[in-house]
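Report on the structure given below.
The values are calculated or read from the model by the stated rules, or taken from the named source; none is laboratory data. From a predicted model like this one, the values you see are computed outputs, not experimental measurements. Virtual Cβ from ideal backbone geometry, glycine too; neighbours counted across all protein chains shown. Accessible surface is based on the protein model in full, side chains and every heavy atom, while ligands, DNA and RNA are left aside. Shrake-Rupley method; radii C 1.70, N 1.55, O 1.52, S 1.80 Å.
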Amino acid sequence: MASKTKMKEKTGEKNLIGYCGLYCGDCYGYKGKIPDLARDLRKELKQAKLDERAGKMSTNSFFAAFKYYPQCYELLGTMVKLRCKKACRGDGGPPLCKIRECCREKGLEGCWQCADFETCKTMDFLKNFHEEDAHLKNLRILKKTGVESFLGGKRYW
């Protein structure tokens, strides 16, 4: 019985490996803590009616930053939208992900199985959201050592 549970956990972990090599289980959107905190803070701010007070407060030099309250509240709303309830393989993340589409069209488990992943322009947008070349570092690990080793080792985000 215990071995079936461990097997199921490992399968679940494998399903969190995105086609691009990023691991959904490491993602703040998938974990949900940041979206939850942003949602809760928006709720508290609304209950405190801070939106009504922010303009007046900003006239005091100590509270001058409150002039940015509307932008802050809007940003928190955007952070709530970071929630990703499904991993990449379950169609989570960007709805029209070109990387996912490409791998599925080619019948690949992930980009690490593609000979062109090192120079693929489809993945360039990831550089704006993750540490430099995190996806490429992960793809190299996946290609060299395999899925099991990747799951148990260092991953980049």
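Just tell me the longest site-free run in the chain, where the sites are trypsin sites (Lys or Arg not before Pro) in a DSSP loop having at most 14 other beta-carbon atoms within 10 Å.
Working: sites that count: Lys49, Lys81, Lys85, Lys86, Lys154.
After excluding every exposed loop site, the longest remaining stretch is 87-153.
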In degrees, nearest 10, the alpha-carbon axis of helix 69-80 is tilted away from the dominant principal axis of the alpha carbons of the chain by 30
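Give me the net charge for the shell around Gly92: Cβ to Cβ below 11 angstrom, other residues only, Lys and Arg +1, Asp and Glu -1.
On the way: positive: Arg83, Lys85, Lys86, Arg89, Arg100; negative: Asp91.
Combined, the nearby Lys, Arg, Asp and Glu give +4.
Once you have the Cα-Cα distance between Tyr68 and Glu148, take 0.36 nm times their residue separation minus that, and quote the gain in nm to one decimal. Kindly include the intermediate steps, with their values, before the conclusion.
Details: separation 80, 0.36 × 80 = 28.80 nm, distance 4.71 nm.
My answer for the length gained is 24.1 nm.
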Averaged per residue, the 1.4 Å probe accessible area of the chain, protein heavy atoms only, in Å², is roughly 69
Taking Cα atoms, the helix 134-145 axis meets the longest principal axis of the chain at an angle in degrees (rounded to 10) of 20
Given pairs Lys14/Lys86; Lys14/Lys144; Lys14/Lys154; Lys85/Lys121; Lys33/Lys127; Lys121/Lys144 and cut-off 18 Å on Cα-Cα distance, the over-length ones are Lys85/Lys121; Lys33/Lys127; Lys121/Lys144
The answer for the longest stretch of the chain without any exposed GluC sites (Glu not before Pro) (DSSP loop, at most 16 further Cβ atoms within 10 Å) is 1-108
With label points set 7 Å from each Cα along the Cα-to-Cβ direction at Trp157 and Leu37, the distance between them in nm comes to 1.2
Around Phe66 (Cβ within 12 Å, Cβ-to-Cβ, excluding Phe66; K/R +1, D/E -1) the net charge comes to +1
Per the helix-only model, the chain has a calculated mean residue ellipticity at 222 nm (DSSP H runs of ≥4, -39500 (n - 2.57) each, divided over all residues, rounded to the nearest 500) of -14500 deg cm²/dmol
Once amide hydrogens are built 1.01 Å from N within the peptide plane, the residues lying 5 or more places from Tyr23 or on another chain with amide H under 5 Å from its amide H are Gly18
For Lys121 and Glu109, extending 7 Å from Cα along the Cα-Cβ vector and measuring point to point gives, in nm, a value of 3.0
The set of residues whose placed amide H lies less than 5 Å from the amide H of Tyr156, leaving out same-chain residues fewer than 5 positions away, is Asn138
Computed from the beta carbon distance with a Förster radius of 22 Å, FRET efficiency for Leu96 and Asp26 to the nearest 0.05 stands at 0.45
